[in-house]
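The structure appears below as structure tokens.
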Amino acid sequence: MQRQGIRFLQLGNARPDAWMALILALAGLMPGPVFAQGTLEDYQRAQRFLAGNLRHLVSVADVRPNWIEKTSRFWYRKVGPKGTEFILVDAARNTAGPAFDHAKLAAALSRASKHEYQPTELPLEELEFGDPKAIRFRVAKGLWTCTLSDYQCQESPAANPNEALSPDKKWAAYVEDHNLYVRNLSTGAVAKLTEDGIRGWDYATPLPSLRLLVEQGTEDVRQPAAVFWSPDSSKLITYRIDSRNAGRFTSLQFVPPNQLRPKAFSYVYPLPGEVLAKAEPILFHIQSGKRVEVKTEAIELPFQEGPEFEWFPDGKSVHYDNDDRGFKTKEFRVIDPDTGEQRVWLREHSDQYVDPGETFFHWVPASREILASSERSGWNHLYLYRGETGQLENQVTEGPWVVQRIEHVDEKNRRIFFRANGREKGEDPYQTHLYSVGFDGKGLTPLSPENANHSVSVSPDGAYFVDNYSRPDLPGKSVLRRTQDGSEVRVLEEPDAGQLLATGWKFPEPFQGKAADGSTDLYGLIWRPSTFDAAKKYPIIEQVYTGPQGFFVPKTFAATFRLQAMAELGFIVVMVDGRGTIGRSRAFHWFSYRNLGGAFEDHVAMIKQMAARYPYMDATRVGIYGTSAGGYGAAHAMLVFPDFYRVGVSISGDHDPRLDKAWWNEAYQGYPVADDYAAQSNVTMADKLQGHLLLEHGDIDDNVHPVETMRFADALIKANKNFDMLFVPNMYHGEANAYLARRRWDYFVQYLLGVIPPQNFELKEDRQGSEQR
């Protein structure tokens, strides 16, 4: 009755703020003392904390190096309150400075392009410093060369984006009418390598995403030929995909450009348990035109695109990784390009799943060995194998901590540089550090000492690395270090949060508590408004994502800003990483296997512990929102804990795993498909909804088809449940949208704060600044 009454009064002629107060009081929902929260002033302040607008208040130390060829020189884009600057660094010489004269380049580019560019807002992409006298870069779709002596800019002829050039630049491979061709770039002669390609059984053609179809406005899209050239350009390996029997979706773009009628696009999108598209690997010898079929069963494709191949440096063999259906086995496969014979050199298996994002193989050419990660010990660690035989030589790393990825391998000195988390005592176990270790597992050396999260990039020559370190409550620095011992060469950037702190903003607070089992340590983060007053009562909003492929509570200074705007409206905002995500032990990770909907008991337990510690957190008024798997989670949490989560916003939610992409669900929910798919679907639980729920989805979502939200809506209607819905034209998956962000703000302000939101507040954000970050 409360919800229906609110709607009736908003549509009537009564003064809405008075009626709202009366209704809330009658419903027993009026908070104790009434404080100003969710006001126009709060909205205006919150707007200042949007990502794009924040760059005018704070600069963060976040250097993303673009290494120049195989040297220790690099350039990076510096974004701050005064705009964008390009910096060039020579690590060996310990020098750093502007990469060029920004004012002269802006003037030259403006003259040549007849478009005005500002020195502090140069939108340069793919910047190249190969020639010391000139630079090359891309602006929009144009490729430019500018001399650095006299600052003259000239646009280069655009290369054909659908051609794949050989390493020696003598051949170009391309697809026409579903068949593969190669063209001799010096003579112009064309050789047709295949004759029998047809639609749905194409050569060298990845399965396209809906986004590509929409961008090109057709199902007959053009894309680069999927070929992988040998180092000497004499051969290539590709594939032929048979998608004729694969599951497909059709999407309607309701408001396409340049026409009134909706536009339909059909594309491959296999669901769990369905027939998959299959790729057949094929090799071609360019000079002779010889075709070699790879002697293997077709590779099943659980989603879109196609398989990836890599040649050994000597060009004598090809290798690739293959995940079987359900991701229980991962193999390192090697192909003889002359005979097509294939051998499996290494295999990793699990009865649950071998995580496709966490498990990897790294080929070491000099010694013909393989470095591989595995959770077999209970923690993700590195192992060393003999290549051809797959014989285990030794375990490289061990202990109750997690290897994330290899950053560099020094083959000459047989040392591995890798990122890992959880090894350092007294720290948040999710904080990442860089280490080096010998191939034999000896001489483990920490290289990033600060108690912080370290994001690193090692130079191609292996001598230096850029280290961005920070925590949510520590701005940190960007420094250049030596890989030999982690010693500091120079500070590259330091953050400046002075103006931000002057607003009253405080660092988010890390929070440690226990899972629902009462024993497992969990970690979260708490955001408070800059106007925080401990005497007030604040509703709680949780931003949620529980996908098993990662962990999601921010661990860096820059990443914490995205939730501050919501807090400024008068909320305490929280995030939690519960059991079932990566970054911890295998047992912790596998908690979510065939149990994707079971993670929320940990979130409820953590929020209750937060509220017990901080009485100003009102655990009787809790909201939740999320995108994608977080969209599923926001709605699912409300269905499983209807007395706890009162208000939710679900964005691009994958509400039913039976209707979601095969790869993600078959890996983490399990394969073969079982009854737990239906049991954990929001669709089958729709009758449990009690609170206020807003569903948002875009018509051209290229990841989660809107059918999932529509089926959930249909189930809610059949269960006679009230809910709200925004079906958005021309919105891709979870896309940022100022209008939708404001509507989410309004939803929580109205139903969690009990306040009439400002009428049609228009969010304004400096999107250019946000994107450059």
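Contact map, the stretch 33-56: first residue within 15 Å of Gly80 (Cα to Cα) and at pLDDT below 95, second residue of a type in the set (Asp, Glu) and open to solvent by 70 Å² or more (accessible area, probe 1.4 Å), Cβ cut-off under 9 Å, separation 6 or more or different chains; pairs are Gly52/Glu771. Taken over the stretch 353-387, the criterion of being more than 17 Å from Arg333 (Cβ to Cβ) and of a type in the set (Ser, Thr, Tyr) is satisfied by Tyr353, Ser367, Ser373, Ser374, Ser377, Tyr383. Between Arg646, Arg562, Arg621, the distinction of being open to solvent by 10 Å² or more (accessible area, probe 1.4 Å), closer than 20 Å to Asp746 by Cα and assigned to a helix (DSSP H, G or I) belongs to Arg562 only. If you go through the stretch 346-359 and pick out every residue that is surrounded by 20 or more Cβ atoms within 10 Å (Cβ to Cβ) and in a strand (DSSP E or B), you end up with 2. Scanning the stretch 707-739 for residues that are open to solvent by 10 Å² or more (accessible area, probe 1.4 Å) and either under 19 Å from the mean Cα position of the chain (by Cα) or touching a residue at least 60 places away in the same chain (Cβ under 8 Å) (or both) returns Val707, Asn722, Pro729, Asn730, Tyr732, His733, Gly734, Glu735, Ala736, Asn737. Among the residues making up the stretch 229-255, those that are of a type in the set (Gly, Ala, Ser) and surrounded by fewer than 20 Cβ atoms within 10 Å (Cβ to Cβ) are Ser233, Ser234, Gly247. For the stretch 494-511, the criterion of a residue being over 23 Å from Ala612 (Cβ atoms) and open to solvent by less than 10 Å² (accessible area, probe 1.4 Å) is satisfied by at least one position. Looking only at the stretch 360-373, count how many residues are closer than 30 Å to Leu596 by Cβ and outside any strand (DSSP E or B). Counting residues in the stretch 360-373 that are closer than 30 Å to Leu596 by Cβ and outside any strand (DSSP E or B) gives 1.
Need the failing condition index for Ala226 against (1) open to solvent by less than 40 Å² (accessible area, probe 1.4 Å); (2) assigned to a strand (DSSP E or B); (3) under 30 Å from Pro123 (Cβ atoms), just the number. Among (1) open to solvent by less than 40 Å² (accessible area, probe 1.4 Å); (2) assigned to a strand (DSSP E or B); (3) under 30 Å from Pro123 (Cβ atoms), the lone unmet condition for Ala226 is (2). For the stretch 516-527, the tally of residues that are crowded, with 17+ Cβ neighbours inside 10 Å and within 26 Å of the chain's Cα centre (by Cα) stands at 6. Within the set Leu143, Leu109, the sole residue that is touching a strand residue (DSSP E or B) at 6+ places or on another chain (Cβ under 6 Å) and part of a strand (DSSP E or B) turns out to be Leu143. Looking only at the stretch 574-594, decide whether some residue is out of contact with any helix residue (DSSP H, G or I) (no Cβ under 8 Å at 6 or more places or on another chain), crowded, with 24+ Cβ neighbours inside 10 Å and basic (Lys, Arg). Yes, that holds for at least one residue.
The one condition from (1) over 17 Å from Ala634 (Cβ atoms); (2) assigned to a loop (DSSP other than H, G, I, E, B); (3) open to solvent by less than 20 Å² (accessible area, probe 1.4 Å) that Asp701 does not meet is (1). Counting only strands (runs of 3 or more DSSP E) wholly contained in the stretch 374-431, the ones carrying 3 or more residues that are surrounded by fewer than 20 Cβ atoms within 10 Å (Cβ to Cβ) and either in contact (Cβ under 8 Å) with a residue 12 or more places away in the chain or of a type in the set (S, T, N, Q) (or both) occupy 392-395, 402-410. Evaluate the following for Tyr76: is it in a strand (DSSP E or B) and within 30 Å of Ala559 (Cα to Cα)? So Tyr76 passes the test.
The values are calculated or read from the model by the stated rules, or taken from the named source; none is laboratory data. Just so it is clear, the model here is predicted, and its values are computed rather than measured. Note that each Cβ is placed from the backbone with ideal geometry, even for glycine, and that neighbours are counted across all protein chains shown. Side chains included, ligands, DNA and RNA excluded: accessible areas come from the protein's heavy atoms. Shrake-Rupley method; radii C 1.70, N 1.55, O 1.52, S 1.80 Å.
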